Amino acid sequence: MLEAGELLERFQLKKTEETEEYIQTHKTAVGKESADILYHILLLSHDPKIDISETFKKKIGKNRVKHPIEKAKGNRAKYTEL
Ligand SMILES: [Mg+2]
C-alpha cells in the first residue's frame with residue numbers, strides 16, 4: 001500500500017491530460033515506483049506459492065468478458081452500466 005501510495009501521490013489532483021504528460025516526462029521515476037509495487041506483489045505471492053503470472057492471465061480474461069473493449073474503451077461507466 002505504501003508503494004502504491006508513492007506512485008499515486010505523483011498523480012494526485014492532476015487531470016487525465018496532465019497525468020499522461022507527467023508519465024511521459026517522468027518515465028524513469030514512474031517506472032521505479034511501479035517496480036517497487038511489482039517487487040512487493042512478487043514477494044507477497046512467493047511464500048504461499050501463488051502463481052501470480054497465471055492469476056494475472058485469468059483475471060485479464062475475466063475482465064475482458066466483464067468489460068468488453070467495444071463498450072468499455074473510453075467509457076468511465078461502471079461495468080454494470082456498460
Ligand atoms: Mg517507492
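None of the figures in this text is laboratory data; all of them are computed from the coordinates on show. Note that this is a predicted model, so its numbers are computed, not measured. Every residue, glycine as well, gets a Cβ built from its backbone with ideal geometry; the counts of neighbours run over all protein chains shown.
Given R0 = 41 Å, the distance between the Cβ atoms of Asn75 and Leu43 translates into a calculated FRET efficiency of 0.75. Region 64-80 and region 11-46 have Cα centres separated by 23 Å. Taking amide H atoms as placed 1.01 Å from N in the peptide plane, the amide H of His67 has no partner under 5 Å among residues 5 or more positions away or on other chains.
Within the set Lys27/Lys73; Lys14/Lys49; Lys15/Lys78; Lys14/Lys57; Lys27/Lys66; Lys32/Lys66, which residue pairs have Cα atoms separated by over 28 Å?
Working: Lys27/Lys73 24 Å; Lys14/Lys49 38 Å; Lys15/Lys78 20 Å; Lys14/Lys57 31 Å; Lys27/Lys66 30 Å; Lys32/Lys66 31 Å.
With Cα atoms farther than 28 Å apart: Lys14/Lys49; Lys14/Lys57; Lys27/Lys66; Lys32/Lys66.
Scalar couplings 3J(HN,Hα) for region 77-82, obtained by applying the Karplus form with A = 6.51, B = -1.76, C = 1.60 to θ = phi - 60°, are 5, 5, 4, 6, 10, 6 Hz; x denotes Gly and Pro.
List Tyr39, Tyr22 from most exposed to least, where exposure is judged by having the fewest other Cβ atoms within 10 Å.
Values: Tyr39 11, Tyr22 15.
Starting with the residue having the fewest Cβ neighbours, the order is Tyr39, Tyr22.
Couplings 3J(HN,Hα) for region 45-56, derived from phi with the Karplus relation 6.51 cos²θ - 1.76 cosθ + 1.60 (θ = phi - 60°), are 8, 5, 4, x, 6, 7, 7, 5, 5, 5, 4, 4 Hz, where x marks Gly and Pro. Each residue of region 30-41 was assigned a 3J(HN,Hα) from its phi angle through the Karplus expression (A = 6.51, B = -1.76, C = 1.60, θ = phi - 60°), giving 5, x, 5, 5, 5, 5, 4, 5, 4, 4, 5, 5 Hz with x at Gly and Pro.
Percent of C-alpha pairs per 5 Å bin in the chain, short distances first: 3, 12, 14, 14, 18, 25, 11, 3.
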